[in-house]
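Encoded as structure tokens, the structure appears first; notes follow it.
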Amino acid sequence: MSPSTLHLGQRAFSADDRVVMAIINRTPDSFYDAGRTFADDSALVAVDAAVDAGAEIVDIGGVKAGPGEDVDLGEELHRTVDFVAAVRERHPLLTISVDTWRHEVGEAVCRAGADVLNDAWGGYDPELAHVAARFGVGLVCTHAGGATPRTRPHRVEYQDVVGAVVGFLTEEAARAETAGVSADRILIDPGHDFRKNTRQSLTLTRELGRLTATGWPVLVSLSHKDFIGETLDVPVGQRLVGTLAATAISSWLGARVFRVHEPRETRDVLAMVQSVAGVRSPAVARRGLA
């Protein structure tokens, strides 16, 4: 079981901390921003803005999750490695994560200064954990139901989706620890939408406490996902309210890291939940005292 303190890069996060991970897409075809941060300059501006908005982690991805134009190893390296180095030089204390399933990319970005490898495809390349161990960086273990990277779910069935996710992720976290990844640098992600339909992702959100009860720090990636769009019947550009509602519930149930497109709004939601929970004091408290 993971220690309560999570160490990522030069930062230590307690069990009561709620950590914002801002998404930086280095892709021309992102479902969310359609390439707005594909160019180096605009991506660096986005990193600066995320840090100003309170993000403690940035997650840099060179391949969009969904189907699309093929991105080979060389192109993914081109999109990520030099950019990681530039972010590290610009923000020496920032925790830098890279979203990749390829161990070759993991090794190159770690050499460039990455602190976390975000394996969104559930150990598809088992060597990625060994890279994380070798470089002493963090690893996100995600449930993707055995899916091949960049494929969409089709007629997915589970007898107990939460049980399947808990079982897989506890085994995957243990495998990462056996490979040499420090326990205080391992996170688990239920993988909303990844080989799951909308009802299954809603069930995972509702029963997230079963995942947080494992003791492993839980990361959730909810931002503007299809399960939110289908639940509310709204397009990508109108999913912020639904995202923030799911974020608040996930925080209340114990999730600790939140991978998001809107760090400032997320930071406010998390602060409010923490204050209601009694683990954060109000920023000011004047009402009724004068």
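Just so you know, all these numbers are worked out from the coordinates, no wet-lab data involved. None of these values were measured; they are calculated from a predicted model. Methodologically, a virtual Cβ is constructed for each residue, glycine included, from the backbone with ideal geometry; neighbour enumeration extends over all protein chains shown.
Some notes on this structure:
- The DSSP beta bridges internal to the chain are antiparallel in roughly 10% of cases.
- Counted over the stretch 20-277 with a bin width of 10 Å, the fraction of Cα pairs per bin, in whole percents, is 7, 32, 40, 19, 1.
- Placing R0 at 30 angstrom, the Cβ-Cβ distance between THR151 and ALA174 gives a FRET efficiency of 0.70 after rounding to 0.05.
- Its DSSP H runs of at least 4 residues, each contributing -39,500 (n - 2.57), put the calculated 222 nm mean residue ellipticity of the chain at -12500 deg cm²/dmol, to the nearest 500.
- For the stretch 160-290: rounded, prolate or oblate by the Cα gyration tensor [a/c cutoff 1.5]: oblate
- Pair ARG264, HIS78: separation of 7 Å Cα→Cβ label points (nm): 3.5
- Inter-site label distance for PHE31 and THR5 at 7 Å from Cα along Cβ, in nm: 3.8
- For peptides 113-121, 193-201, 166-174, sequence by mean Cβ density within 10 Å, most packed first: 113-121, 193-201, 166-174
- Among SER4, SER221, SER182, sorting on how many other beta-carbon atoms sit within 10 Å of each Cβ, with the fewest leading, yields SER4, SER182, SER221.
- Solution diffusion estimate, µm²/s, Stokes-Einstein, the stretch 1-156, Kirkwood Rh from C-alpha pairs, 10 °C, viscosity 1.306 mPa s: 100
- Each residue, GLU69 and THR214, gets one label point 7 Å from its Cα in the Cβ direction; the gap between the two is 3.6 nm.
- Here's how it looks for VAL19: its modeled amide H is under 5 Å from those of VAL257, PHE258, which are all 5 or more places away or on a different chain.
- Note that the stretch 98-217, at 10 °C in a medium of 1.306 mPa s, gets a Stokes-Einstein diffusion coefficient of 110 µm²/s from its Kirkwood radius over C-alpha pairs.
- Residue with peak Gaussian network fluctuation, the chain [Cα springs, cutoff 10 Å], from HIS103, HIS78, HIS192: HIS78
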